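As structure tokens, the structure follows; a few thoughts come after it.
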């Protein structure tokens, strides 16, 4: 569990996201009836995150649940992959996809050939550590704002090092709309002295 | 806080008025018989800080540092708040209370989060800070947090009869708590309800007091004076974000140097459409509201 | 005899004068002293724990004290403005009118100072307001200007009254070369103090209820109603209990002039009411709070209607010659207009101006017990001061209290 320097509900969402994310990867390989052809060049798939870019933004690690990553622990690359859209019955049942679900399925984002990474629309693999690149494909305006420090929570120094958060620290990738949260109590109303 | 050495009003007042103030509880050389902070020399301010730190140590049983950091060159602070993201959770309101040593009894809240109706827009007459909900945002509503707007043309500064409040070079309007006479002209003048008065002795539990303070900001205040948001002057003059920015779970709150072309604020001004509250009053706030979506 | 010894004689004679009186006088004095004590006691508690003993809060941060202050500035201004008709109509007792008016102004100004003192959180820091020692925020702060205007006016009145009484005490007539310019100066000064006080509110764009160009004229008009009301009653009392000669004609003339002032006051109020209700902008809320209440928030509505009705009835009583000349209806009218203006300035200006507050919140202010006791105490100080000053001034004006010619012994009174 990464450090979430905020209290209450934000931390709760984080946990939920962690849980969901960690299980999504294995969900897509739930049934192994489909044929599977491994990538010819294994080295390309072993994507190494761009450490300098991540450091520049001071990104915390993605919110995985302990022990859930790497996904390949369950998703045996030797098994065939099913790309057909279907109801998940065995694993990841708790995932409710409300993120353009008409057009999207697990393997649009999760890489079928290397379960431990994501991929962009053009097939370029992207590490979970840099998942914002994936989000930015569709949400370019948000991504631009985020990069400028204007979308999302920013902590640290206004004239120095800032801490960024990944999109998935606040948004459940499968259901990104913000959940309602419990507010702090209202201020007391002023009372007259008799 | 510039220096004006030489003839000391303090000495004069010491001689003249020492008998007249027997009834006061906090009569000390440094707090009572002194000039405004902005006129005092560095040495005078150091003496005041030492007195304050001693007083707070006795009162809270721990070391409280009273900083005197001055405005940085080339810095003008500004704030931007994204109304399409604020959910009205009031995390900022309470983080502000803890960070800035606001009184817990009676409760002083520098930030007021107003709930407004979506079909009415920004309409204070139908707004309330007292919404009590299980969950926010509530359907049909949006939220407008309001605190000091750090005006470029502050009516509060204009109206203060003794010049106890002024704009610092970095744009923060501050109050000299030991010079304020508590007449509350500034509260009448403020169009944003940003100024708050200590109607009785402010109470801060010993274990909750924030020991990192600034002399013009969050140091524990005496009774009978006015206080307000200072953009967390004790944090921001050290390069940190204000507490409300750090705590906001939706990232609605943006802060930075207006003079830095690559900063967040300039990005917002350039790429979003901003507005200020009650623009018709020509207060020219440094606190911008925008719709990020 | 040296002037210094004469002045000592004047001071001692004055002291002797206030220490002498019948049972009614002493009953009045002791009664006032008791009320002063009650007020002082309440103030000690407020000083000890803070203004939490009042009902003021951040939402309504000025209220009863400042309303009383504003009302009394009006009394102070209007009392002196009576000098104008006294001149214009060549009233015989012009000196008397001037002196009594200025004494009333002095008492009212002292009350003003006390109301400001009890309203501020740190009265021991009063010296921050003293020019030269403190730091008056000039030229921008209107309260700074008000401090100067009110103290200047107080000083001017003290000089005029002391000069007049001391001169008469010495058996001489005030020199026109000194008296006339001072009195003429006090007239614009009287208008000035009330105008500056009006600007204190007027210059606050955050509060649309106050931010109206006719606020200062309204202040002056209402002051012209309340100030002379006090003096009319006082003149009748003096006529009854002393040898003071005040003609009916002079009293009726003042009443007639008051009727015009009442008309202007009601007219200006009507103009405000029209503007707000016809425009029907969000600024109407403040007037609605005053006259109809907003939702269940109606605590000041009855007072405001009482004030309006009292002012209208007083106007009718004063505009009809017969009721203006009948002492019963005249004094009833004086009472009604005094109360009407008192409520209008005391509650109807400050409280609706701040309700709803700038963020739309409605906090229903109503003065606390402590605020009322302290205010009663301050009014008692004012009445006490005024009584004592009149007690000294009247025999001097009547020639009953005079210095004994060059003898150096105690003054006599016939």
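We did not get these values from a lab; they are worked out from the coordinates using the rules stated. All values derive from a computational prediction rather than experimental measurement. Please note: Cβ atoms are built from the backbone with ideal geometry, for glycine as well, and neighbour counts cover all protein chains shown.
Screening region B:190-293 for strands (runs of 3 or more DSSP E) wholly inside it with 1 or more residues that are within 30 Å of residue A:171 (Cβ to Cβ) returns the ranges B:253-257, B:287-290. Residue C:32 falls short of the stated requirement of being farther than 30 Å from residue A:194 by Cβ, more than 14 Å from every other protein chain (Cβ to nearest Cβ) and in contact (Cβ under 8 Å) with a residue 24 or more places away in the chain.
Report yes if some residue within region B:177-192 is in contact (Cβ under 8 Å) with a residue 60 or more places away in the chain, within 22 Å of residue B:69 (Cα to Cα), out of contact with any helix residue (DSSP H, G or I) (no Cβ under 6 Å at 6 or more places or on another chain) and more than 14 Å from chain C (Cβ to nearest Cβ); otherwise report no. The answer is no; no qualifying residue exists.
As a summary of the residue check, residue C:312 satisfies the conditions (1) over 25 Å from the mean Cα position of the chain (by Cα); (2) part of a helix (DSSP H, G or I); (3) in contact (Cβ under 8 Å) with a residue 40 or more places away in the chain except for the one numbered (1).
Residue count for region B:92-104, restricted to those that are at the interface with another protein chain (Cβ under 8 Å from one of its Cβ atoms) and crowded, with 24+ Cβ neighbours inside 10 Å: 1.
The residues of region B:124-142 that are more than 14 Å from chain C (Cβ to nearest Cβ) and in a loop (DSSP other than H, G, I, E, B), listed by number, are B:132, B:133, B:134, B:135, B:137, B:138, B:139, B:140.
Candidates are the residues of region C:354-376 that are assigned to a helix (DSSP H, G or I) and surrounded by fewer than 22 Cβ atoms within 10 Å (Cβ to Cβ); the one that is nearest to the other protein chains (Cβ to nearest Cβ) is C:369. Taking residue B:114, is it surrounded by fewer than 20 Cβ atoms within 10 Å (Cβ to Cβ) and either in contact with a strand residue (DSSP E or B) (Cβ under 6 Å, 6 or more places away or on another chain) or facing another protein chain (nearest Cβ under 9 Å) (or both)? So residue B:114 does not fit the description; no.
Among the candidates B:171, B:121, single out the residue that is in a loop (DSSP other than H, G, I, E, B), surrounded by fewer than 23 Cβ atoms within 10 Å (Cβ to Cβ) and over 13 Å from the mean Cα position of the chain (by Cα). Spell out how you get there, then give the answer.
Numbers: B:171 fails: over 13 Å from the mean Cα position of the chain (by Cα).
The conditions single out B:121.
Residue-level analysis places residue C:121 among those that are in contact (Cβ under 8 Å) with a residue 24 or more places away in the chain, within 14 Å of chain B (Cβ to nearest Cβ) and over 20 Å from the mean Cα position of the chain (by Cα). Please verify whether residue B:145 is under 27 Å from residue B:208 (Cα atoms) and either under 15 Å from the mean Cα position of the chain (by Cα) or facing another protein chain (nearest Cβ under 8 Å) (or both), treating the condition exactly as stated. Criteria met by residue B:145.
All conditions but one from (1) touching a residue at least 60 places away in the same chain (Cβ under 8 Å); (2) within 9 Å of chain C (Cβ to nearest Cβ) apply to residue B:211; the one that does not is (2).
Suppose we filter region A:134-182 for residues that are at the interface with another protein chain (Cβ under 7 Å from one of its Cβ atoms), within 22 Å of residue B:272 (Cα to Cα) and touching a strand residue (DSSP E or B) at 6+ places or on another chain (Cβ under 9 Å); how many remain? Of the residues in region A:134-182, 8 are at the interface with another protein chain (Cβ under 7 Å from one of its Cβ atoms), within 22 Å of residue B:272 (Cα to Cα) and touching a strand residue (DSSP E or B) at 6+ places or on another chain (Cβ under 9 Å). Based on this model, can you work out whether residue B:271 counts as within 14 Å of chain C (Cβ to nearest Cβ) and either surrounded by fewer than 24 Cβ atoms within 10 Å (Cβ to Cβ) or without any contact (Cβ under 8 Å) to a residue 12 or more places away in the chain (or both)? Against the criterion (within 14 Å of chain C (Cβ to nearest Cβ) and either surrounded by fewer than 24 Cβ atoms within 10 Å (Cβ to Cβ) or without any contact (Cβ under 8 Å) to a residue 12 or more places away in the chain (or both)), residue B:271 does not qualify.
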